[in-house]
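Report on the structure given below.
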Amino acid sequence: MKYKSIICLIFSVLTLPLAGWGKPETTQAVSVVKLRTELLNNPVGIDATQPRLSWNIAGAGRGIRQTAWQIIAASSPEKLASGQGDLWNSGKVESDQSLHIRYSGAALKSNTHCYWKVKVWTNKGESGWSNSASLTVGLLNYVDWKGRWIGADHGFPWDSETQWSRLSARYLRKEFDTKKEVKHATAYIIGLGLYELYLNGQKVGDQVLAPGPTDYLKGVKYNAFDVTGFLKAGKNAVGTVLGNGRYYTMRQKYKPYKIKTFGYPKLLFNLIIEYKDGSSETVVSDESWKLTADGPIRSNNEYDGEEYDARKEMPGWSTPGFNDSKWQEAEFVQEPGGTYEAQMNENMKVMATIKPVSIRKQGAKYILDMGQNFAGWLRLRVKGAKGDSVKLRFGENVQPNGELYVRNLRDARSTDVYVLKGAGQESWEPAFIYHGFRFVEVSGYPGTPTINDFDGRVVYDDMKNTGTFSTSDATVNQIYKNAYWGILSNYKGMPVDCPQRNERQPWLGDRTTGSYGESFVFDNSRLYAKWLDDIHQSQKEDGSIPDVAPAFWRYYGDNVTWPATYITVAEMLYRQYGDLESIRKHYDPMKKWMDYMAGKYTQDGLIIKDKYGDWCVPPESKELIHSRDPKRQTDGVLIASATYIRLSSIMEDFARLLGKDQDAADFAKRAETIRQAFNKKFFDESKGQYSNNTITANLLPLVHGIVPEGSRDKLVKSIADKILVENKGHIGTGVIGTQWLMRGLSEYGRADIAFRLATNRDYPSWGYMIDNGATTIWELWNGNTANPTMNSANHVMLLGDLIIWYYENVAGIKSDPAAPAFKRILMKPDMIEGLQSASASYESVQGMIKSEWKRSSGTFSWTITVPANTSAMVYIPAKSAEQVKEGKKKAGLTEGVKFLRMEGNRAVFEVGSGNYSFTSTL
Ligand code: BGC
């Protein structure tokens with residue numbers, strides 16, 4: 001068992017407009033409007049002894065820039081209010097930095113509280129003190145955990161452990177007394193695979209399917225809750241229910257060479273009660289707890305569903321005084337192994353509730369249509385006799401004859417069962433499973449069900465929706481909506497490939513670029529930082545990284561493109577969120593992997609290992625999953641080597657950021673050596689083509705800076721010809737090419753082609769999916785006709801760089817790579833024939849960015865919002881700077897707007913924070 005230092009934060013986001021506790025101290029032109037640490041919501045934990053603190057500034061007027069900051073941190077709210085920074089008083093620090101400031105005060109100890117606030121100085125004056133934020137330090141060391149792991153390391157007579165395991169949930173309980181007046185109580189729980197926690201009959205927290213999944217042999221996550229308000233004077237009771245999740249995996253004794261299993265559900269629990277007199281005590285998991293597996297949850301299995309027998313309910317089981325004499329003593333069980341880590345990323349929650357759109361009779365059953373494909377479950381209301389049993393079977397589609405379509409679920413049974421207790425109106429929803437579905441087959445329902453008897457519960461990680469996007473084009477808007485639903489459906493404490501069939505694995509390759517596009521739509525910074533840890537934990541001693549991490553499926557295939565995600569996600573976190581910590585933490589293992597791949601798989605100067613090719617290109621026949629036509633396939637060595645060159649240049653940047661100049665030079669050299677071999681082997685200069693001239697073969701060298709000087713135009717033409725002539729204006733790329741296609745076309749002057757691909761409605765295209773009933777994004781371009789064995793209707797990998805293109809190229813909201821985390825924003829929307837307007841907002845880590853442009857009868861008008869403490873480079877389509885107005889005046893004459901230069905048919909201005917309204921003549 002390795003020990004690990006951990007801090008847990010209990011934190012709230014503050015959005016009060018002005019400073020101080022209660023009343024503002026002064027009325028300033030600027031104020032600190034939002035405080036943040038790595039973690040936003042309760043319950044939370046941060047995996048660092050020096051939490052990183054961030055804030056946003058707001059204020060009237062333009063061009064606000066921070067010049068200095070001061071943080072005070074105290075051990076009590078009273079001390080903080082009176083300005084006593086007994087933990088930390090930074091003093092005034094001259095700096096424009098407002099993100100990721102390291103806490104550098106007194107060492108934070110386990111289970112202690114820290115309250116902090118900040119004030120800033122700016123070019124427009126000084127703010128008052130912000131409101132305060134607080135954090136609670138978690139259990140920093142393994143030895144801080146008291147008690148033992150409990151559970152039952154075996155099944156029960158009614159369980160069955162097979163390819164379709166049925167394992168009942170375990171209920172654990174204990175009573176305890178509070179002896180004095182309670183000042184503070186914090187519950188720490190590691191409940192594996194999944195837990196629900198109750199205190200005195202009340203559920204603690206609104207998280208579901210917690211904690212986040214990990215490779216439990218390497219590390220397990222704990223959750224922490226402030227439960228002060230749950231405790232009563234005198235007798236109390238704590239109860240937990242343990243579900244299986246990924247710990248007791250759904251498929252037991254089945255393909256063990258491939259599928260990892262960990263053991264039976266288990267619990268480690270500490271409740272630290274601090275009394276007002278300064279003393280404290282800890283209620284721990286130990287042999288005094290009682291356990292039963294003979295409760296209402298008879299079976300729970302992520303692929304197959306949950307079965308609940310309400311007749312088995314045990315009213316009052318988590319309140320004091322319940323008669324548990326029939327329960328057995330909890331057993332001491334094997335520790336899971338690995339580190340105990342505070343969970344840094346958000347837990348899942350029921351994030352929305354949607355109503356079905358229709359229900360119809362189908363033989364003796366009913367088919368319910370939710371109108372939207374999503375991941376989650378159904379909440380049921382029903383009245384009937386004791387023992388009536390309602391069966392719900394979930395699927396993404398229906399067959400032509402109206403029956404539920406389940407062939408693409410493979411062997412996942414996706415079925416929930418509710419057995420009634422016969423007590424009038426009953427309501428139920430499952431606890432430990434989810435389904436990916438749009439349609440539900442209902443059978444055994446007593447009486448006639450109506451849509452009012454069901455609610456769709458949409459379940460994903462509790463992350464904020466940060467972006468909005470719409471344009472004058474209905475197809476673009478609908479695809480964006482489908483993408484939104486696809487992305488949220490596949491956030492499950494890790495990014496999974498799909499939520500419906502017997503897979504649901506965190507495939508790396510699906511997010512290489514997708515994670516970046518998604519970051520505009522959701523604040524996924526904590527999820528992806530956690531995923532980097534998962535990937536790191538899955539790395540083998542020799543450096544090899546699997547295609548799936550956590551490696552619930554053991555897929556160590558040693559290709560370049562899937563594991564590349566380890567590096568590209570870290571790059572995304574830095575570019576979009578300014579997270580340098582992830583680079584610092586993972587640099588060595590990333591380098592180890594780069595060295596491992598080059599050491600093992602270099603031949604004739606190229607990286608020769610590839611496994612998936614340009615996965616899922618549109619195939620020649622609509623029944624196929626993968627093309628067999630060599631003309632459509634891109635050489636794996638080309639894909640691997642081009643990707644490796646790109647990764648080398650990211651590693652070069654990382655090395656520079658970390659001050660590792662020698663490494664930076666080495667990576668630059670490595671990239672150059674491969675580049676030369678690459679061009680020698682694949683480039684036909686006379687034709688301006690690489691390899692067999694697929695779009696992907698030409699695109700990768702183009703966007704990765706591999707093409708020899710002077711040959712780019714020819715290459716762009718080859719790509720354009722392929723799309724426009726051979727493909728008659730259609731997409732011809734798979735998962736790899738599509739990651740660069742839209743940006744590549746825009747960057748090299750063919751935004752018109754990108755727009756055509758974005759708005760096509762015939763095969764193959766995203767629009768085709770919509771015309772064929774998709775409400776999310778398909779795994780295959782031909783998802784309505786291909787073999788069902790690999791054909792999910794809710795995958796995100798074919799989005800490629802589409803969402804990035806929407807925000808950066810269509811709306812014009814892009815973080816300047818040279819000034820990451822939107823410190824400088826590049827606002828350069830493409831002007832595309834056929835697109836009249838676009839409107840987007842993005843709540844960046846610096847604050848809200850907006851862009852809304854319109855074109856009509858020769859006039860371009862554009863309103864933008866730039867957050868405080870940032871600047872933007874604004875590229876306005878115009879024949880000359882003279883023709884550009886801001887508000888009513890000539891731009892360049894108004895406050896905060898500086899004309900820089902003409903660049904082709906754009907007038908380039910630099911602006912500071914604020915709202916601006918530009919117009920120009922086209
Ligand atoms: C998954 C993909 C994954 C691929 C790689 C498929 O079964 O659904 O998302 O990346 O396999 O093999």
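We did not get these values from a lab; they are worked out from the coordinates using the rules stated. Quantities reported herein were computed from a predicted structural model and do not represent experimental measurements. No Cβ is skipped: glycine too gets one built from the backbone with ideal geometry, and neighbour counts run over all protein chains shown.
So for the chain, taking the charge dipole from beta-carbon charges (+1 Lys/Arg, -1 Asp/Glu), which of A754, W129, Y596 sits furthest toward the positive end?
W129
Could you list which residues have their amide H under 5 Å from that of I64, counting only those 5 or more apart in sequence or on another chain, with H placed in the peptide plane?
N869, S913
Roughly how many whole Å is it from the C-alpha centroid of the stretch 828-895 to that of the stretch 423-456?
After rounding, the separation between the Cα centres reads 49 Å.
Using modelled backbone amide H atoms (1.01 Å from N, in-plane), which distant-in-sequence or interchain residues come within less than 5 Å of A330's amide H?
When sequence neighbours closer than 5 places are left aside, the close amide H contacts are W289, K290, L291.
In terms of modelled amide H atoms, which long-range or inter-chain residues lie less than 5 Å from the amide H of K266?
For K266, whose amide H was placed from the backbone, the distant partners under 5 Å are L192, G193.
Sorting check: for 571-582, 802-813, which peptide has the highest mean count of neighbouring beta carbons within 10 Å, and how do the rest follow? Kindly include the intermediate steps, with their values, before the conclusion.
Details: 571-582: 22.6, 802-813: 25.3.
Per-residue Cβ counts within 10 Å, averaged per peptide and sorted highest first, yield 802-813, 571-582.
State the Cα centre-to-centre distance between the stretch 466-526 and the stretch 762-819 in whole Å.
So the separation of the two Cα centres works out to 9 Å.
May I ask what percent, to the nearest 5, of DSSP beta bridges between residues of the chain are antiparallel?
Working: 172 of 183 bridges.
The antiparallel fraction comes to roughly 95 percent.
Taking the Cα centre as origin and putting +1 on Lys and Arg beta-carbons and -1 on Asp and Glu beta-carbons, what dipole magnitude results for the stretch 774-862, to the nearest 20 debye?
Details: 7 positive and 8 negative charges, 65 e Å.
The calculation lands at about 320 debye.
Restricting to DSSP H runs of at least four residues, report the calculated mean residue ellipticity at 222 nm for the chain, -39500 (n - 2.57) per run over all residues, nearest 500 deg cm²/dmol. Please list the in-between numbers first.
Numbers: 13 runs with 166 residues, N = 922.
So the helix-based figure for the chain works out to -5500 deg cm²/dmol.
Using the number of other C-beta atoms within 10 angstrom as an exposure proxy, rank D144, D416 with the fewest first.
Working: D144 18, D416 26.
Starting with the residue having the fewest Cβ neighbours, the order is D144, D416.
By the gyration tensor of its Cα atoms, with a ≥ b ≥ c the square roots of the eigenvalues, what is the shape of the chain: rounded for a/c under 1.5, prolate for a/b over b/c, or oblate? Please list the in-between numbers first.
Values: a/c = 1.63, a/b = 1.22, b/c = 1.33.
Since a/c reaches 1.5 but b/c is at least a/b, the shape of the chain is classed as oblate.
Looking at the stretch 593-713 from every direction and averaging, what is the projected area of its Cα convex hull in nm²?
Working: hull surface 34.1 nm².
Dividing the Cα hull surface by four gives the mean projection, 8.5 nm².
Under 8 Å for C-alpha pairs, at least 6 residues apart: give me the relative contact order for the stretch 467-800, rounded to a whole percent.
Details: 554 pairs, mean separation 63.4, N = 334.
Over the stretch 467-800, the number comes to 19 percent.
Pull up the DSSP beta bridges for the stretch 306-453 and report the antiparallel fraction as a percent, rounded to 5. Before the final figure, lay out the partial values.
On the way: 27 of 30 bridges.
Just about 90 percent of them are antiparallel.
Neighbour counts of other C-beta atoms within 10 Å: give me D96, D801 arranged from fewest to most.
Details: D96 15, D801 23.
Ranking D96, D801 by Cβ neighbours within 10 Å, fewest first, gives D96, D801.
Given a Förster distance of 56 angstrom, what is the FRET efficiency for K464 paired with R166, based on the Cβ-Cβ distance and rounded to 0.05?
Details: r = 37 Å, r/R0 = 0.67.
Calculated value: 0.90.
Ranked highest first by average number of other Cβ atoms within 10 Å, how do 650-659, 630-639 line up? Please report the intermediate quantities before stating the final value.
Working: 650-659: 17.8, 630-639: 20.2.
Final packing ranking: 630-639, 650-659.
At a Förster radius of 56 Å, what calculated FRET efficiency corresponds to the Cβ-Cβ distance of V93 and T785, to the nearest 0.05? It would help to have the intermediate numbers written out before the result.
Numbers: r = 62 Å, r/R0 = 1.10.
My answer for the efficiency is 0.35.
As I understand it, the dipole of the chain uses +1 on the Cβ of Lys and Arg and -1 on the Cβ of Asp and Glu, about the Cα centre. Which of V725, P788, G858 lies farthest toward its positive end?
G858
Could you give me the ³J(HN,Hα) list for the stretch 832-849, computed from phi with Karplus coefficients 6.51, -1.76, 1.60 and θ = phi - 60°, whole Hz, x at Gly and Pro?
For the stretch 832-849, the Karplus curve yields 10, 4, x, 10, 8, 7, 8, 9, 9, 10, 9, 7, 7, 5, 8, x, 6, 10 Hz.
Give me a comma-separated list of calculated 3J(HN,Hα) values for the stretch 439-456, in order, Karplus coefficients 6.51, -1.76, 1.60 applied at θ = phi - 60°, integers in Hz, x for any Gly or Pro.
Result, ordered by residue: 10, 9, 8, 10, 9, x, 6, x, x, 9, x, 10, 4, 6, 8, 9, 10, x Hz.
Defining a contact as two alpha carbons under 8 Å apart and six or more residues distant in sequence, what relative contact order in percent does the stretch 441-556 show?
Details: 101 pairs, mean separation 25.0, N = 116.
Averaging sequence separation for qualifying contacts and normalising by length gives 22 percent for the stretch 441-556.
With the cut-off at 1.5 for a/c, could you classify the stretch 825-921 from its C-alpha gyration tensor as rounded, prolate or oblate?
Numbers: a/c = 1.74, a/b = 1.19, b/c = 1.46.
Judged from the Cα gyration tensor, the stretch 825-921 comes out oblate (a/c at least 1.5, b/c at or above a/b).
How large is the charge dipole for the chain, taken about the Cα centre, if only the Cβ atoms of Lys, Arg (+1) and Asp, Glu (-1) carry charge, to the nearest 20 debye? If you can, show how the numbers build up before the last one.
On the way: 114 positive and 103 negative charges, 204 e Å.
So the dipole magnitude of the chain works out to roughly 980 debye.
Would the stretch 189-313 count as rounded, prolate or oblate if I go by the C-alpha gyration tensor, calling it rounded below 1.5 in a/c and otherwise prolate when a/b exceeds b/c, oblate otherwise? Walk me through the numbers before you get to the answer.
Working: a/c = 2.49, a/b = 1.66, b/c = 1.49.
Verdict is prolate for the stretch 189-313.
Could you tell me the relative contact order of the chain? Use alpha-carbon pairs under 8 Å, at least six residues apart, and round to a whole percent. Mind dumping the intermediate values first?
Numbers: 2383 pairs, mean separation 90.6, N = 922.
Contact order relative to length: 10 percent.
When a footprinting reagent is the concern and you count Cβ atoms within 10 Å, what order do T865, T292, T776 take, fewest first? Mind dumping the intermediate values first?
Numbers: T865 17, T292 21, T776 29.
Arranged by neighbour count, lowest to highest, T865, T292, T776 become T865, T292, T776.
Of V417, V398, T921, which is farthest towards the positive pole of the chain's charge dipole, taken about the Cα centre with +1 and -1 on the beta-carbons of Lys, Arg and Asp, Glu respectively?
Farthest towards the positive pole: T921.
HN-Hα J couplings of the stretch 481-496 from phi, Karplus 6.51/-1.76/1.60, θ = phi - 60°, integer Hz, Gly and Pro as x?
5, 4, 4, 4, 5, x, 5, 5, 4, 9, 8, 9, x, 6, x, 9
So, by mean Cβ neighbours within 10 angstrom, what's the order for 709-720, 335-346 with the highest one leading? Walk me through the intermediate numbers first.
Details: 709-720: 16.3, 335-346: 21.8.
Going from most to least packed, we get 335-346, 709-720.
Report the Cα centroid-to-centroid distance between the stretch 591-622 and the stretch 305-346 in angstrom, as an integer.
Measuring centre to centre over Cα atoms gives 46 Å.
Using the crude model of +1 on Lys and Arg Cβ and -1 on Asp and Glu Cβ, and no other charge, please compute the dipole size for the stretch 825-921 relative to its Cα centre, in debye to 20.
Here the stretch 825-921 has a charge dipole of around 300 debye.
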